[in-house]
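**Student:** If you scroll down you'll find the structure; I have some questions about it.
Here, each number is a calculation from the coordinates, and none is a lab measurement. Being a predicted model, the structure only gives us computed values, none of them experimental. Using ideal geometry, Cβ is built from the backbone for each residue, glycine included, and neighbour counts are taken over all protein chains shown.
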Amino acid sequence: MKKFTLIFLAFLTILTYSCKEKIDLEKERSAIIAVIEAETEAFFDKDIDRLASFHIQDDSNIRLTATKSGYTYDVGWDKIESFFLNYFENEMGLGEYYEVKKNYKIKIYDKSAWAAYNNYYYDSNDQLLSTSIHTQILEKVNGEWKLVFYTSIYNSTWDDIAEGSGIPESGSEENQP
């Protein structure tokens, strides 16, 4: 009887794990990129409500940026929202700007993911203004990816950065544990 119980429990364990829903990596990858791109669009539109909709709005949200001249570190959605509002009002220049993101590297888990990519910031004359390396951590909340952690290193602020530095184009773009 003991042997039967062990076999039955082993069978149930195998059945449980084999029935676990598989992650559709390409679908999730596309959804993550869509969130990152839409959040950027909301930023350039200065639409704080739409921007906020892509973020986890609690004290776990962190934003860290670094340049040669210093860094900013904000913890909690309230501080990050204040950063955005201040930036829109006092620092964001007039005119049209846009970003191009390249070389996405994404790792996907059941309820979280991280993405790293190279970012290129242009003015309306298509002049490259800066380059940076970004990383973002996302969490899945009610079936939707939300941003919870953001870092950017503005590598173009260092004079001795070699051209083409950033995230290499080769390598795996996504993985599942």
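**Student:** Mind checking the full-extension length gain between Gln57 and Glu139? Use 0.36 nm per residue of separation minus the Cα-Cα distance, one decimal, nm.
**Tutor:** Working it through step by step, the gained length comes to 28.3 nm.
**Student:** Something else: Would you mind checking the pairs Lys105/Lys146; Lys46/Lys140; Lys27/Lys107; Lys101/Lys146; Lys46/Lys102; Lys46/Lys79 and listing those with alpha carbons more than 20 angstrom apart?
**Tutor:** Correct reply: Lys46/Lys140; Lys46/Lys102.
**Student:** With the contact rule set at Cα under 8 Å and sequence spacing of 6 or more, what percent relative contact order holds for region 24-162?
**Tutor:** 22 percent.
**Student:** Also, I was wondering about something else. Give me the distance in nm between label points sitting 7 Å out from Cα along the Cα-to-Cβ direction at Thr157 and Met92, one decimal.
**Tutor:** My value for the distance between the label points is 2.0 nm.
**Student:** Apply the Karplus parameterisation 6.51 cos²θ - 1.76 cosθ + 1.60, with θ equal to phi minus 60°, to every residue of region 95-112 and state each ³J(HN,Hα) to the nearest whole Hz, in sequence, with x for glycine and proline.
**Tutor:** x, 9, 10, 7, 10, 10, 10, 9, 6, 4, 10, 9, 10, 10, 10, 4, 10, 8
**Student:** Mind jotting down a quarter of the surface of the convex hull over the alpha carbons of region 72-138, in square nanometres, one decimal?
**Tutor:** Hull-based average projected area comes out at 5.8 nm².
**Student:** Taking θ as phi - 60°, what are the ³J(HN,Hα) couplings along region 69-84 by the Karplus curve (6.51, -1.76, 1.60), each to the nearest whole Hz, with x for Gly and Pro?
**Tutor:** 8, x, 8, 10, 9, 10, 10, x, 4, 4, 5, 5, 4, 4, 4, 4
**Student:** If you don't mind, there's one more thing I want to ask. For Asn61, list long-range residues whose amide hydrogen, built 1.01 Å from N in the peptide plane, is under 5 Å from its own amide hydrogen.
**Tutor:** Residues meeting the amide H criterion: Gly76, Trp77.
**Student:** Turning to a different aspect of this structure: Can you order the peptides 117-128, 57-68, 143-154 by their average number of other Cβ atoms within 10 Å per residue, highest first?
**Tutor:** 143-154, 57-68, 117-128
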